[in-house]
Amino acid sequence: MLFGKTKLELKVGAFVFVGLVILVTFVLLIGNFKNWTSGYRVNFIFNFVNGVKVGAPVRFAGVDIGEVQALKFFFFPAEKKTRVKIVGWVNKEVRIPSDSTVWVNTLGLLGEKYIEIMPGNNYTQPLAPGGALTGSDPIAMHEVAQLAKDITANIDESIVKIKNQEGTLGKLLYNDTIYNELEALISDVRRNPWKLFWKTKEKK
């Protein structure tokens with residue numbers, strides 16, 4: 001009886017162990033199948049990535065070809081500054097020209113951030129596995145806000161100048177003399193349209 005119970009527990013334990021092995025293998029295959037069989041890693045270098053996250057898509061000419069696997073900081077000795085390295089996985093069938101343009105794009109106005117690659121022309125020297133491309137940094141929101149603020153300030157300044165009758169537009173809107181002269185010129189041209197084609201002789 002004791003021997004039978006021990007044998008049953010052994011079978012149950014073996015079954016549970018095999019099940020755990022299958023489960024772990026399945027999870028690993030889901031997470032890293034691309035790394036093992038059908039792609040290679042490339043690096044994208046940025047000063048600012050504007051919220052790109054692990055798992056974000058990598059697109060080539062607008063088509064999904066992979067995803068972001070990691071984000072790492074590294075010190076760039078030539079410029080004495082810290083940059084961000086985005087480690088991406090791409091499909092092995094994709095050849096990325098070494099002169100391609102890379103930037104952070106957005107799905108919609110406030111959507112997910114992803115890596116966009118615009119193909120270059122140098123297909124004779126494609127990016128090798130583990131190679132790197134330097135990306136164009138996205139515009140930060142505070143810079144957009146500052147630009148909008150500057151534009152608003154310039155518009156306000158222009159409106160004040162117009163109200164103060166400064167500049168050509170201000171004088172034209174508020175100065176009756178210029179308006180009357182312009183109206184007289186238009187009336188004269190209407191009465192004598194031939195003057196538009198008359199070339200004044202230069203005095204010797």
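Derivation of every value follows stated rules applied to the coordinates shown; laboratory data play no part. Only a predicted model underlies this, so the values are computations on that prediction, with no experimental measurement involved. Backbone-built Cβ (ideal geometry, glycine too); neighbour counts: all protein chains shown.
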Original post:
How would you classify segment 65-135 from its alpha-carbon gyration tensor, with a ≥ b ≥ c the square roots of the eigenvalues: rounded for a/c under 1.5, else prolate if a/b is greater than b/c, otherwise oblate?
Top reply: oblate
**OP:** Only Lys, Arg, Asp and Glu count, each charged at its Cβ (+1, +1, -1, -1), so figure out the dipole size of segment 37-137 about its Cα centre, rounded to 20 debye.
**Re:** 360
Subject >> Placed amide H near Leu127: partners under 5 Å, 5+ positions off or other chain >> reply: Ile96, Ser98
**OP:** Determine, for Thr101, Thr124, the number of other Cβ atoms within 10 Å of each Cβ, and report the residues in order from fewest to most.
**Re:** Thr124, Thr101
Subject >> Under 5 Å, built H, 5+ apart or other chain: amide partners of Thr101 >> reply: Met118, Gly120
**OP:** Between beta-carbons, use under 15 Å as the cut-off and find the net charge around Pro77, counting Lys and Arg +1, Asp and Glu -1.
**Re:** +3
Subject >> Amide H contacts of Glu112 (H built 1.01 Å from N, under 5 Å, at least 5 apart or other chain) >> reply: Leu107
